[in-house]
1. Taking the Cβ of PHE134 as the centre, find all other residues whose Cβ is under 15 Å away and add up their charges (Lys, Arg: +1; Asp, Glu: -1).
2. Can you give the FRET efficiency to the nearest 0.05 for ASP148 and VAL264, using r as the Cβ-Cβ distance and R₀ = 22 Å?
3. How would ILE176, ILE150 line up by accessible area, probe 1.4 Å, largest first?
4. Which order do the peptides 97-106, 136-145, 49-58, 200-209 take when ranked by the mean count of other beta-carbon atoms within 10 Å per residue, highest first?
5. Here are some pairs, LYS109/LYS152; LYS106/LYS139; LYS89/LYS275; which of them have Cα atoms lying more than 30 Å apart in this structure?
6. Can you tell me the accessible area per residue over segment 116-255, all protein chains present, probe 1.4 angstrom, in square angstrom?
7. Ordering MET229, MET81 by accessible area with a probe of 1.4 Å, largest first, what comes out?
8. Sorted by accessible area (1.4 Å probe), largest first, how do GLU77, GLU223 line up?
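The values are calculated or read from the model by the stated rules, or taken from the named source; none is laboratory data. Please read these numbers as outputs of a predicted model, since none were measured by experiment. In this analysis, Cβ positions are derived from the backbone assuming ideal geometry, glycine residues included, and neighbour counts consider all displayed protein chains. These accessible areas exclude ligands, DNA and RNA; they are computed on the full protein's heavy atoms, side chains included. Shrake-Rupley method; radii C 1.70, N 1.55, O 1.52, S 1.80 Å.
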Amino acid sequence: MLNQRYKARTALLVAASIFALLFSTTTATASRNGIERKLNTFAVGITFKLSGIDQVCSGALLAPTLLVTAGHCIYDEAGTMGTNYYFTKPGVELDAAIDPSVRQPKILKVFTQPGYVVNAANQKDDIAFVQLDFPLATKGFIRLATTDEISKLTADQPIKGYGYGHVYETNAPYSIYAREYAINWEVPTSNPPTTVQIHSTTATACSGDSGGPITTTSATGEEILVAVMSGAASVVNHCGTAGADGKFIMQVTVVDTYKALMPVIATPTPTPVAKKIYKITCVKGKVKKYYTGTNPKCPTGYKQTSKVLIKKA
C-alpha cells in the first residue's frame, strides 16, 4: 500500500557550509538499530506533495491541533507550500487505509521564522509549527524542553530520535510505525542554540525522518522535546553514512529557540452535560408521594405510576 500511496522522496542534498558536509533537507531514515515504537503518543507521520513529488516527513504533536516539524517539510526552495497533507495519528500505521467517513485534519495555518526559505547554503530556521483545523489526538502530547533543561544537556549524553523514514535494517521503503533510534547530544556552539550537530555510532536519519522528534528525559522522568530533525551528513541512497571515525553526523533544530513562533492554542474545555431532573409519583394504597432527582426511586412497598422530566440542572 505504501508504494501505491507514497512515492519515495527524491533526496534534496543541501550543502551545510558550517560543517562542509552534505545534508539532506527534504526528509532526513529511521535508523540502523532502530526500535519500533507503535505505542508512542506524540510522533506523527506526514505525507504530502512538494515540488510535484510525493513526500514523507515526521513531526511531534504538542497539542490536539498543533504539531512541529521541519520547515522544509512545508516549503520548497522556491518558497512554495506543499499540498495534499495527510497526518498519521500517533500509534497508527503510516499506510493505514483512510476512512472517508472520518474527518481528516487539514492545515489551518503554518508558523515559520519570517523570511525562512530552504537555502542550500544554510539550514537555519528549519522549523515550522502547524496548526490544524481539527484535533489529531486528544492526549499524549509531548512537552517542550525549557531553556534550562536544554542547557543541562552534556556532551555525548544519550538522547532519542523518532521518525517514519526508511528502515535501514530491512531496506523497506518506509516504516509503517514510528521508530526510535539512539543518538548523542553535542553542546551547542551558539546561545541561544538554533541548530545543533549531533552524532551516533549506531543510528542515522534518512528520508522520511525530517521533522521527527528529538527527545530527552527530564529530571522527573518525563520524556520532553528538545529538537526536530533537519538532516543527515553524507547522504547516500537516502541515508546518512558514517565518517572515517565511525560516527553518523546529523543536524537538528532546537524547538525552544523558536517557541515565540508557536501559537497559543487553548485545549477545548468539554461542555458539561446538563443533568436531567425527573419527578416521579409513588403510590401505596391511597397514599401518594412525589420524589425528584436525576434518578429518583420509590421507597419499598410503593409503586411508581409516573415519571416526568421537569428540568435540566
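1. Values: positive: LYS89, ARG103, LYS106, LYS109; negative: ASP99, ASP133.
Net charge around PHE134: +2.
2. Numbers: r = 21 Å, r/R0 = 0.97.
After rounding, the FRET efficiency stands at 0.55.
3. On the way: ILE176 60, ILE150 15 Å².
My answer, sorted largest first, is ILE176, ILE150.
4. Values: 97-106: 9.9, 136-145: 17.3, 49-58: 21.6, 200-209: 29.1.
With the highest mean Cβ count within 10 Å placed first, the list reads 200-209, 49-58, 136-145, 97-106.
5. Working: LYS109/LYS152 33 Å; LYS106/LYS139 19 Å; LYS89/LYS275 34 Å.
Check vs 30 Å cut-off fails for LYS109/LYS152; LYS89/LYS275.
6. Numbers: 5330 Å² over 140 residues.
Computed with neighbouring chains in place, this is 38 Å² per residue.
7. Details: MET229 0, MET81 70 Å².
Order by accessible area, largest first: MET81, MET229.
8. Working: GLU77 95, GLU223 55 Å².
Order by accessible area, largest first: GLU77, GLU223.
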